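Following this message is one structure expressed as structure tokens.
The values are calculated or read from the model by the stated rules, or taken from the named source; none is laboratory data. This is a predicted model, so every value here is computed, not measured. Because the Cβ atoms are built from the backbone with ideal geometry, glycine has one as well, and the counts that use them run over all protein chains shown.
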Amino acid sequence: MSFSNWYNRTLNQIWGFVEDRTAMKKWALRPQPEFTFKPSYWTGAFVAVAFFYQVVSGALLLLYYQPSTGSTLTACGQPLGTQSVAPAAWCSTYYIIHSVPMGSLLLSTHLYGAYAMIFLMFVHFYRGYYLGVYKAPREFSWMVGTLLMIVTLGMGFTGYLLPYTQISYNATNVGIVLALGLPTLGPLAGPLILADGTSQGLLSRMFDAHVLLLPLALAALLYAHIALFESHGIAPQATSDPLQRRRYTEKDDKQHIPFVPHILWYTLKWGLLYVGVLFGIAALWPWNLPTYVGNLAAANAVTEPDWYFLWLFKFVDFYGVTPVLAVGVTTVLILFVLFLPFLDRSKRTHPRDRPFFIWLITSLLGFFIVMTVWGGETPGVQILPLLVAETLGPIFAVNAVVTAGFYWRYRRTYLRRLAEREAQLGGLYTPAGPAPGAVPRAVPEVKGVE
Ligand code: HEM
């Protein structure tokens, strides 16, 4: 027997033994179709990997971090035994960077890992939006996902204050002023966020939320998200076919690829690449700790949140935008995303069949990008209405023209071919959906029509 035969047989035997003794087939995630061997189908898994890394690196940081605004006797860039004037939260962060072995790498990967998790989550969200994965039967997966997005952004918000730098302190206060400005909810949330009104009270609440409450909420929501994914299986490719089958049967499962080990290895491979790239970036560009809260030299420090809140931060700079209006607009956006599966009622998942929703999300994407860059370049500078209209108006207008152009072209060519096929099928397909009483049968291929 050749070595490779022996090697493969031995591996198969070991794997068979593990599978049998763990009853893995019963509990492993559902098998998935072969077309899912593409990274774009596993964007959510990459977010989950990023979350997992945040939990591990955060647990290690907890060994050293002190959530206190008081001064400290621990070494904080000063000779041992000298009382530092800097708050303990900042000092312990300084200590992690400068004195803990690999501490700078650990902290930088945790920070960049947060950015990556949020970025990947947006990729996951936008992909799902464009490809209509929120349509039946996956409406609840989408809604739980929206809650995951809110909690993940909350993790970013609460974590930002923890190093206790002047810049993060100022930005956190802007966020809190916005939250407290909400009618009814604001005064109710006040004591919850601010505790006794001292800086220590605020830091303690943020710390509690960041390391306990929000991670627990995130883990619970992720469990529900994956359980829903398990019960529906992965969303099939987007199509213009209103009769597309979007559920899998047990018979389908038998023909699909087992999750363990094949899909698990596939996603793990990408996950390991993610961790490698994260370490590479953190090693090349380690994070620099800005100065601490209360340092007089930083009295004029710019107030700036992390990049994912810059758009909102800039929005408040617009002339006439009050905290209530800013929070109101954010709430409307969240409600739109949450209830999207019930707003977009078309049965077709392909982007070309949903021009209004595609125009809206593409314009919003442009809006967020422009606002983020604007917020980063001119933080805190008030903007007059004319400049707002000149800068943001073209985004919505150009998108409307481009989307309308594509849709017009599509209706002329694609729908004509669809009508040809419908003629062959005797009324099974109509642009408005299946004809009443139509019986599905074998579909002859027409070039360019799925
Ligand atoms: C912390 C954030 C999130 C995590 C860790 C996460 C994780 C996952 C995972 C592991 C899957 C399985 C398929 C895949 O890997 O893509 C999935 C699917 C899904 N997610 Fe998320 N997700 C998150 C946020 C969101 C958000 C913000 C939305 C939308 C608002 C969303 C909507 C969905 C939907 C509809 C599916 C089913 C898609 C399909 O079957 O192809 N998720 N998610």
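Among the residues of the range 87-135, which ones are within 11 Å of the ligand (Cβ to nearest atom) and of a type in the set (A, V, I, L, M, F, W, C)? Talk me through it step by step, then tell me what you get.
Narrowing the range 87-135 to residues within 11 Å of the ligand (Cβ to nearest atom): 117-118, 120-129, 131-135.
Within the range 87-135, Met117, Ile118, Leu120, Met121, Phe122, Val123, Phe125, Leu131, Val133 meet the criteria.
Please count how many residues of the range 173-209 are farther than 20 Å from Leu325 by Cβ and of a type in the set (S, T, N, Q). Write out each step before concluding.
Quick first cut of the range 173-209, residues farther than 20 Å from Leu325 by Cβ only: 191-209.
Those left that are additionally of a type in the set (S, T, N, Q): 198-200, 204.
Matching residues across the range 173-209 total 4.
Any idea which of (1) surrounded by fewer than 20 Cβ atoms within 10 Å (Cβ to Cβ); (2) farther than 22 Å from Pro215 by Cβ is the one Leu153 doesn't satisfy?
Single failed check for Leu153: (2).
Let me ask something else. Residues of the range 192-234 being hydroxyl-bearing (Ser, Thr, Tyr) and more than 11 Å from the ligand (Cβ to nearest atom), which ones? Please lay out each step first, then the result.
Step one: filter the range 192-234 for residues hydroxyl-bearing (Ser, Thr, Tyr), giving 198-199, 204, 223, 231.
Within the range 192-234, Thr198, Ser199, Ser204 qualify.
With Ser108, Ser141, Ser168 as the choices, which residue is of a type in the set (Ser, Thr, Tyr) and out of contact with any Leu (no Cβ under 8 Å at 6 or more places or on another chain)?
Going through Ser108, Ser141, Ser168 in turn, the sole match is Ser108.
Would you point out which residue out of Thr403, Thr430 is of a type in the set (S, T, N, Q), at pLDDT below 90 and farther than 30 Å from Val174 by Cα? Can you show your working first?
Working: Thr403 fails: at pLDDT below 90.
So the residue among Thr403, Thr430 that is of a type in the set (S, T, N, Q), at pLDDT below 90 and farther than 30 Å from Val174 by Cα is Thr430.
I've got another one for you. From Phe140, Phe157, grab the single residue that is in the same structural domain as Leu62 (by TED's automatic domain parsing), within 16 Å of the ligand (Cβ to nearest atom) and more than 23 Å from Thr291 (Cβ to Cβ).
On the way: Phe157 fails: more than 23 Å from Thr291 (Cβ to Cβ).
Being in the same structural domain as Leu62 (by TED's automatic domain parsing), within 16 Å of the ligand (Cβ to nearest atom) and more than 23 Å from Thr291 (Cβ to Cβ) holds for just one of Phe140, Phe157, which is Phe140.
Return the residues of the range 9-37 that are surrounded by 12 or more Cβ atoms within 10 Å (Cβ to Cβ) and among the charged types (D, E, K, R); say none if nothing qualifies.
The answer is Glu19, Lys25, Arg30.
Here's a follow-up. Which is outside the structural domain of Leu392 (by TED's automatic domain parsing), at pLDDT below 95 and of a type in the set (A, V, I, L, M), of Val332, Val337, Val327?
Values: Val332 fails: at pLDDT below 95; Val337 fails: at pLDDT below 95.
Within the list Val332, Val337, Val327, the selection yields Val327.
What number of residues within the range 1-51 satisfy the criterion of being part of a helix (DSSP H, G or I) and either over 18 Å from Trp270 (Cα atoms) or without any contact (Cβ under 8 Å) to a residue 60 or more places away in the chain (or both)? Show your work before the answer.
First pass over the range 1-51, keeping only residues part of a helix (DSSP H, G or I): 3-22, 24-27, 34-36, 39-51.
With the extra rule that they be either over 18 Å from Trp270 (Cα atoms) or without any contact (Cβ under 8 Å) to a residue 60 or more places away in the chain (or both), the set shrinks to 3-22, 24-27.
Within the range 1-51, residues that are part of a helix (DSSP H, G or I) and either over 18 Å from Trp270 (Cα atoms) or without any contact (Cβ under 8 Å) to a residue 60 or more places away in the chain (or both) number 24.
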